[in-house]
Amino acid sequence: MEKDAKKTDEIILEIDVARMFFAEEEEEEEASIVMSFKDITLRKQVEESLQQSNCLLDTLSRAQSQFISDADPRILFDKLLNNLLSLTQSEYGFIGEILYTFSGDPYLKTHAITNIAWNKEIKEFYEKNAPDGMEYYNPKTLLGAVMRTSKPVISNNPSTDPRYRGLPEGHPQLNSFLGLPFYSGKNLVGMVGIANRPTGYDERLISYLGPFLSTCANIIKAYRNDQRRKVVEEALIQANEELLKKHKQRKILSKRLIDLLEKDRHEIAMELHDHIGQILISIKMNLEML
């Protein structure tokens, strides 16, 4: 029966009590315990991996359910970010969409970002800009390297990384960083960034987060489709309003034209009536003179 598990140099040992007996020799009494040790490192790793996978699947399942229920994308991404930080044991991070300037340069617009405001000014800036998304354009940073290369960026010692450009005074310390791009087909549509995992970041974690990145990409794609649909719907509404407005204008113009024609007809009829009346009077007078 498993009694205890101790981790020594990354090796987990299972301690089993196999037998206990007492031996008596004259006045001396000795107690002996025989124990066996078994390396269960692999089993524990598998159990831990399964637990992590279940947590990830639960996160993605809840995200899908929230999206289907037409949840606000910003609320959805906030929850995804919180789950991502928990799954990776990271301190702070962001999830954002990759957009492009008119000149074709990529930039990041956040949909969720951890509030790490360290003074009143930064707090006010966060509260003002975070709801609509913060934008980052500098390609010569760790974050920019992801946008520039469209590849993952791992930096477990940023202070010696040539891509690191330092932090503003008062900013929480950056001990490690992981930036991951995600795609819709072959198109780069967004990225996530997380920082300060106690054990650092590695390729294994990148592989583990694959389904998470796919979910983010699908949400961004659906979000863009929804935005395009809203634009088309708004254009149709405006077009219908313009048509209705023009239709009303045509009705007004048609009524004015009909009124004008009716007035002209009446005036012409009156003129003809007067003219014919004068002719009849003239004929009558001529007949009377005969």
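Neighbour counts of other C-beta atoms within 10 Å: give me Arg165, Arg228, Arg74 arranged from fewest to most.
Neighbour counts put them in this order, fewest first: Arg228, Arg165, Arg74.
Calculate, for Lys263 and Ala235, the FRET efficiency according to 1/(1 + (r/R0)^6) with r their C-beta to C-beta distance and R0 41 Å; round to the nearest 0.05.
That pair, Lys263 with Ala235, gives E of 0.50.
Cβ under 12 Å from Thr88's Cβ, Thr88 left aside: what net charge do those residues give with Lys, Arg +1 and Asp, Glu -1?
Charge balance near Thr88 sits at 0.
Can you bin segment 69-197 into rounded, prolate or oblate? Criterion: square roots of the alpha carbon gyration tensor eigenvalues sorted a ≥ b ≥ c, rounded for a/c under 1.5, prolate for a/b above b/c, oblate for the rest.
Taking the square roots of the gyration eigenvalues as a ≥ b ≥ c, segment 69-197 is rounded.
With 10 angstrom as the radius, rank Thr110, Thr141 by how many other C-beta atoms surround their C-beta, starting from the fewest.
Lowest count first: Thr141, Thr110.
Which shape class applies to segment 123-191: rounded if a/c is under 1.5, otherwise prolate when a/b exceeds b/c and oblate if not, where a ≥ b ≥ c are the square roots of the Cα gyration tensor eigenvalues?
Since a/c reaches 1.5 but b/c is at least a/b, the shape of segment 123-191 is classed as oblate.
Got a sec? How would Ile122, Ile75, Ile219 order by Cβ neighbour count within 10 Å, fewest to most?
Ile75, Ile122, Ile219
None of the figures in this text is laboratory data; all of them are computed from the coordinates on show. Every value quoted in this text rests on a predicted model; they were computed, and no experiment measured them. Don't worry about glycine lacking a Cβ; one is built from the backbone with ideal geometry, like all the others, and counts go over all protein chains shown.
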